[in-house]
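The structure appears right after this line, and notes come after that.
The values are calculated or read from the model by the stated rules, or taken from the named source; none is laboratory data. Just so it is clear, the structure is predicted and the values come from calculations on it, not from any experiment. Cβ coordinates were reconstructed from backbone atoms using ideal geometry, including for glycine residues, and neighbour counts include every protein chain displayed.
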Amino acid sequence: MQGVQIDLISAERLSKMPSMEKIRLILDKVRDGTIVILESGLSPDEQSSLIEMTMQEILPDGFSGIEIETYPSKQKSGGMLSRLVRGENDFRRLTVIGPANQLRMIRRDRDFISAWISSR
Amino acid sequence: MGLSQTFSKILTNLFHKKTSRIGIYGPPNAGKTTLANRIAKEWSTGVEGTVSEIPHETRRALRAENITITGGNGRSITIDIVDTPGVTTKIDYNEFIEYGIARDEAIDRAREATEGVAEAMHWLREDIDGVIYMMDATADPFAQVNIMMVGIIESRHLPVVIAANKTDLPDASPQRIKTAFPQHPVVPISSLTGTKVEDLYEEMIRAFR
Ligand SMILES: Nc1nc2c(ncn2[C@@H]2O[C@H](COP(=O)(O)OP(=O)(O)OP(=O)(O)O)[C@@H](O)[C@H]2O)c(=O)[nH]1
Ligand SMILES: [Mg+2]
């Protein structure tokens, strides 16, 4: 059967993993053509490292990078203080990550994401 | 560290404040180099980067140092401007071939771009004191890079000014950017024609002092 593997990783499991382990796991899966869905997404620092590491692993005619889809951070109660009070975890939102050549965003809003996955 | 050393360090910081390093970040083709060149030209220094309709024209960050920008009421800032490669999560050299670049050169270009982006991300975590985040006002502000980059910049508590560029184009909508990022100052400009860049300078002086 032809198809695409999708791995859904729970918030509980993610919260137990060190950042680097998390990023390694995501990149390994995505490089194998798996679509990864994180129940609670990555922190900004993790996202930053993910971009950096993705760039380091791109090869001509090989891995060409990732597509990543998530919602904008919640921002109704803007200011710095409320951000500190709410804590970092509020930044982490459901995130879909896949190989750039298989996952495509169709539409994204503040509260809605539509994406397309193709098999290789 | 001894007390006298600490004290001398405080004195050094007081009287010889390190010039703030301001990074121009944003997706490929937003107009970052066009703005960096304009700033360098208007506030007179030498360095100039190349501008191109091909994405990832800038693959190594370019610096213009010790630029003093003076605002309408005489207030000024002295900063280093770092023009960074357009941030992305994917690069395929075939994209460059579509622009008529030969395969070998396209592969080199892609490799340089990936290294440049990795480096720019690294600096953002270590070495940058403020950000001009540049978006193309004709493009979707909710593009994933914008969402991630603004989140990353916020988490580092860096002062940020968003430039809504290319307002000279008919389908530019700076308002869409303002609606998408209401928590930050958004300045509509055209780096190409220079329209409203003085508003950006005022906002920079306010944010990066
Ligand atoms: N119409 C219009 N075009 C612009 C403006 N600013 C830049 N451009 C054009 O947009 C293209 C990209 O400009 P660059 O300054 O190279 O963009 P960049 O953000 O440095 O791009 P990379 O280095 O590839 O990430 C060029 O064709 C510019 O002439 C603007 O304000 N209006
Ligand atoms: Mg450039």
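Identify, from the list B:A139, B:A110, B:A30, the residue that is within 13 Å of ligand 1 (Cβ to nearest atom), closer than 21 Å to A:E67 by Cα and within 11 Å of chain A (Cβ to nearest Cβ). Reasoning before the result, please.
Numbers: B:A139 fails: within 11 Å of chain A (Cβ to nearest Cβ); B:A30 fails: within 11 Å of chain A (Cβ to nearest Cβ).
From the options B:A139, B:A110, B:A30, the qualifying one is B:A110.
Are any of the residues in the stretch B:150-167 within 15 Å of ligand 1 (Cβ to nearest atom) and surrounded by fewer than 19 Cβ atoms within 10 Å (Cβ to Cβ)? No - not one qualifying residue is present in the stretch B:150-167.
Counting only residues that are part of a loop (DSSP other than H, G, I, E, B) and at pLDDT below 85, how many does the stretch A:94-120 have?
Step one: of the stretch A:94-120, the residues part of a loop (DSSP other than H, G, I, E, B) are A:94, A:100-102, A:109-112, A:118-120.
Among the residues that remain, those that are also at pLDDT below 85 are: A:109-111, A:119-120.
Going through the stretch A:94-120 one residue at a time, the tally reaches 5.
Any chance the stretch B:117-136 includes a residue that's surrounded by 21 or more Cβ atoms within 10 Å (Cβ to Cβ), within 11 Å of chain A (Cβ to nearest Cβ) and over 16 Å from the mean Cα position of the chain (by Cα)? No, because not a single residue in the stretch B:117-136 is surrounded by 21 or more Cβ atoms within 10 Å (Cβ to Cβ), within 11 Å of chain A (Cβ to nearest Cβ) and over 16 Å from the mean Cα position of the chain (by Cα). Of all residue pairs spaced 6 or more apart or on separate chains, those with beta-carbon atoms under 8 Å, a first member in the stretch A:60-79 that is facing chain B (nearest Cβ under 8 Å) and on the phi > 0 side of the Ramachandran plot and a second member that is modelled with pLDDT of 65 or more and not in a strand (DSSP E or B) are A:G65/A:T54; A:G65/A:M55; A:G65/A:I58; A:G65/A:A100; A:G65/B:T88; A:G65/B:T89; A:G65/B:I91; A:G65/B:D92. Under the condition of being among the hydroxyl-bearing types (S, T, Y) and touching a helix residue (DSSP H, G or I) at 6+ places or on another chain (Cβ under 6 Å), the residues counted in the stretch B:71-87 number 1. The one condition from (1) more than 8 Å from every other protein chain (Cβ to nearest Cβ); (2) within 15 Å of ligand 1 (Cβ to nearest atom); (3) among the small types (G, A, S) that B:G71 does not meet is (2).
Residue-wise test of (1) buried (at least 17 other Cβ atoms within 10 Å of the Cβ); (2) of a type in the set (S, T, N, Q).
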| position | (1), (2) |
| --- | --- |
| A:S15 | no, yes |
| A:P18 | no, no |
| A:K22 | yes, no |
| A:I26 | yes, no |
| A:V30 | yes, no |
| A:V36 | yes, no |
| A:E39 | no, no |
| A:T54 | yes, yes |
| A:I58 | yes, no |
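When you scan the stretch B:62-82, do you find a residue that is closer than 30 Å to A:A100 by Cα and either surrounded by fewer than 17 Cβ atoms within 10 Å (Cβ to Cβ) or not aliphatic (A, V, I, L, M) (or both), even just one? No, because not a single residue in the stretch B:62-82 is closer than 30 Å to A:A100 by Cα and either surrounded by fewer than 17 Cβ atoms within 10 Å (Cβ to Cβ) or not aliphatic (A, V, I, L, M) (or both). Residues in the stretch B:47-87 that are within 11 Å of ligand 2 (Cβ to nearest atom) and in contact with a Lys or Arg (Cβ under 6 Å, 6 or more places away or on another chain): B:D83, B:P85. Go through the residues of the stretch B:43-50 one by one and say whether even a single one is at pLDDT 90 or above and either more than 14 Å from ligand 1 (Cβ to nearest atom) or not in a loop (DSSP other than H, G, I, E, B) (or both). Checked against the condition, which is being at pLDDT 90 or above and either more than 14 Å from ligand 1 (Cβ to nearest atom) or not in a loop (DSSP other than H, G, I, E, B) (or both), the stretch B:43-50 yields no hits at all. Can we say B:K178 is touching a residue at least 60 places away in the same chain (Cβ under 8 Å) and farther than 20 Å from B:T78 by Cα? No; evaluated as a whole, the condition is false for this residue.
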